[in-house]
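FYI, it's all coordinate maths here, none of it is from the lab. Since the model is a prediction, treat every value here as computed from it, not as a measurement. Virtual Cβ from ideal backbone geometry, glycine too; neighbours counted across all protein chains shown.
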Amino acid sequence: MASLSELARQHTTLDRAAVEHLQRLIAGWGLLADFCFADLLLFTPVEREADGTTRTGDPDHFVVLGHIRPTTSQTLYRNDLVGEVMTAEDRPLVARATRHGQIIEDEITVTSIRERVRVQCIPVVRESRVIGIMTRDSAPLVGRQPGELERTYVAIFHRLASMISAGDYPFPTDDADSEEPPRVGDGVVLLDRSGRVEFTSPNAISALHRIGIHGNTEGMRLVDYGFDERIIRSAFSNKLPVTREVERGIETTVVFSCIPLIEAGEVTGAVLICRDISDLRRRDRLLLSKDATIREIHHRVKNNLQTIGSLLRLQGRRLGSPEARAAIEESVRRIRSIALVHETLSRNAEDDVPFLEILKPILRMAEESMVTPENPIYFRVEGDAGRLPAQVVTPLAVVLNELLQNAVDHAYPPEAELHGGHVKVTLSRVEENLAVLVADDGVGLAPDFDLTAGAGLGLTIVRTLVETELGGRLAVRTAKPGTVRPGTLVELAIQLDAPWLSGDDEMLRRPTGEMPAVVVPGGPPPEGSAPVEGSAG
Ligand SMILES: Nc1ncnc2c1ncn2[C@@H]1O[C@H](COP(=O)(O)OP(=O)(O)OP(=O)(O)O)[C@@H](O)[C@H]1O
Ligand SMILES: [Mg+2]
């Protein structure tokens, strides 16, 4: 179905401000339909032919820009009429109201439904110009006496209809604070020009009870019952609608919308619509506390991991063998890198985190682990990976920890006399493709290095996590063989939108053996180097 602005563009020469006026009218017209217990249609004269040429003379065709059914009564039209073009013969009153710019009412026979319909035509006026006609279409009243509520609602509708034809309604601003505007069925209080209560609907009485206003409020001001009247005063003095939530304790929230009624530029009263939204707010609070719980869990996991690290370290100190102590130290480091992820997650409500927040402390950890100050190693990060989901961040943090540690451990051995060097981590993210490069300018890999066979525990962990947890690709090679500082280059490529990363369902895990095609920025490896591709399975 075409939108109002599309239909207006197609059939009319209305300018943007006029179209926006009509859009604001239908944005809030559920209220109007409910007040008048009838279908509302919005017509505008067709000013453009199908071939784009402009029509002149009296309008004789009208396009339906909008249609709304009341929630307080039955509809007359089962079909959606939006986009239909009707002639002046179909809708004689619409043509007449367009010409005269006045509200008119009569009974006509609508041929499409073969029924008599009571039609009221309300010109929609903006800056003294009729830009549309809103019709209220209802079944003719036959001998039924409407009750007080119905009479009051219809009277409110008539006052709003006069405002439409005077250009005072819809209001020039959107009522921005109301994500869920209250509806007529929620409860209506009618205020007179001095702000006293003229009428209260049964649902409004219940809503007022919820915030502690008991008794018969008719003829009284709500402020006398302790109601915060600022919303009413603001609507009266600014001649604009105001919406505000009123809380009573933590259990009750009622939202009030105050719509001023204007006649000849004067506020002659207001409609206060109230809705008990305690249930909605309770749900919001529950969600909020669920977030807090998840954060708390991450916090505890981090604490537990730190405790495990401390226990291991204590145990390591008692060991005589330097090899055993080194092994324990390494385990402590690995645990710390996972703890870092949980620490970051405990600070974020979301389940994705800015990866740089995790990478920085991992770099610091590698820096701290350097033993010889004569061989300073400088670490640097380039680029950004943006926010990454928790499933990706944890294994990636462990992987980077291993790779940085390898640079510290192996790239600058004292016998090579390189006197330290530079290690650079490059992150690049193009949509859902993440590439991570870790490059050092150290001694490079041994000529017979084989990632699949001879690697130690560190690179085995890296390969396992990249290929199985992340479903990515890994390549490790000497960057510039034959030079003084050949350096080692590790390339990772991960596809973040891969199904096994988005779902937590175990079944979605990537079957090992089939590699996603991900391109690592930087192009193919230079001539003469021997890239070592990890192969899964
Ligand atoms: N940046 C690097 N520069 C030079 N050689 C490296 C580099 N990274 C890894 N290597 C070589 O690859 C080998 C395997 O690394 P890996 O991390 O798997 O084991 P490790 O570091 O020796 O032991 P662990 O990580 O379990 O302490 C290393 O022993 C080293 O020879
Ligand atoms: Mg290692």
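Quick notes
- Here the Kirkwood formula, the inverse mean of 1/r across different C-alpha pairs, assigns the range 184-276 a hydrodynamic radius of 13.0 Å.
- Expressed per residue, the C-alpha convex hull volume of the range 275-372 stands at 88 Å³.
- Relative contact order %, the range 184-276, counting alpha carbon pairs below 8 Å whose residues are six or more apart: 33 percent
- Inter-centroid distance (Cα atoms) of the range 120-135 relative to the range 240-264, Å: 28 Å
- Across the chain, Cα-Cα pairs farther apart than 31 Å form 64% of the total.
- The charge dipole of the chain, taken about its Cα centre with unit charges on the Cβ atoms of Lys, Arg (+1), Asp and Glu (-1) only, comes to about 1080 debye.
- Charged side chains reduced to their Cβ positions (Lys and Arg at +1, Asp and Glu at -1) give the range 4-165 a dipole of some 320 debye around its Cα centre.
- Likely footprinting exposure, R136, R78, R364, fewest C-beta neighbours within 10 Å first: R78, R364, R136
- Estimated [θ] at 222 nm from DSSP helical runs (n ≥ 4, -39500 (n - 2.57)) normalised by residues in the chain, nearest 500: -11000 deg cm²/dmol
- Relative contact order for the range 4-165, counting Cα pairs under 8 Å that sit 6 or more residues apart, in percent: 23 percent
- GluC sites (Glu not before Pro) restricted to the range 395-424 and DSSP loop, no more than 16 other C-beta within 10 Å: E417
- Base-10 log of normalised Debye intensity for the range 363-424 (one unit scatterer per alpha-carbon) at q = 0.22 Å⁻¹: -0.91
- Computed from Cα atoms, the angle from the helix 148-165 axis to the main principal axis of the chain rounds to 80 degrees.
- Lysine pairs meeting the criterion (Cα under 30 Å, 8 or more apart or interchain), as found in the chain: 7
- Taking T394, T478, T87 and counting other C-beta atoms within 10 Å, the order from fewest to most: T87, T394, T478
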